[in-house]
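Participant: Before anything else, here's the structure in question.
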Amino acid sequence: MKNRKELFEEAKSLIVESNPHKESILYHNIFSLKVNGFYPFSSKQDVMGLVNFLNNID
């Protein structure tokens, strides 16, 4: 598993029409969101799902 910083940088480069709002959502979910002591967006598969979501919103 890649560390979260590497996941964030890779994911950020894959966001189509990136903007500060989308990058903020991505950052929050990778670095800040913690549920029951676990980071839900800690695998590449989870982060790519988030990238797909961000690419489908305006």
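The values are calculated or read from the model by the stated rules, or taken from the named source; none is laboratory data. Model, not experiment: these values are computed from the prediction. Ideal geometry is used to build each Cβ from the backbone, glycine not excepted, and the neighbour counts take in all protein chains shown. To get the accessible areas, we keep the full protein, side chains included, count just its heavy atoms, and leave off ligands, DNA and RNA. Shrake-Rupley method; radii C 1.70, N 1.55, O 1.52, S 1.80 Å.
Participant: Accessible area of the chain with a 1.4 Å probe: how many percent of it is carbon plus sulfur?
Facilitator: So the carbon and sulfur contribution to the accessible surface is 53 percent.
Participant: Return the FRET efficiency for the residue pair SER18, PHE38: r is the Cβ-Cβ distance, R0 is 35 Å, and the value is rounded to the nearest 0.05.
Facilitator: Once the sixth-power term is evaluated, E becomes 0.80.
Participant: Continuing with the same structure: Return the equivalent ellipsoid semi-axes of the chain as a descending list in whole Å, where each equals the square root of 5 times an eigenvalue of the C-alpha gyration tensor.
Facilitator: That gives 18, 12, 10 Å for the three semi-axes.
Participant: Solvent-accessible area per residue for the chain at a 1.4 Å probe radius, Å²?
Facilitator: Value returned for the chain: 69 Å² of accessible area per residue.
Participant: Roughly how big is the chain's charge dipole about its Cα centre, with Cβ charges of +1 (Lys, Arg) and -1 (Asp, Glu), in debye to the nearest 20?
Facilitator: Using only the charged Cβ atoms, the result is roughly 240 debye.
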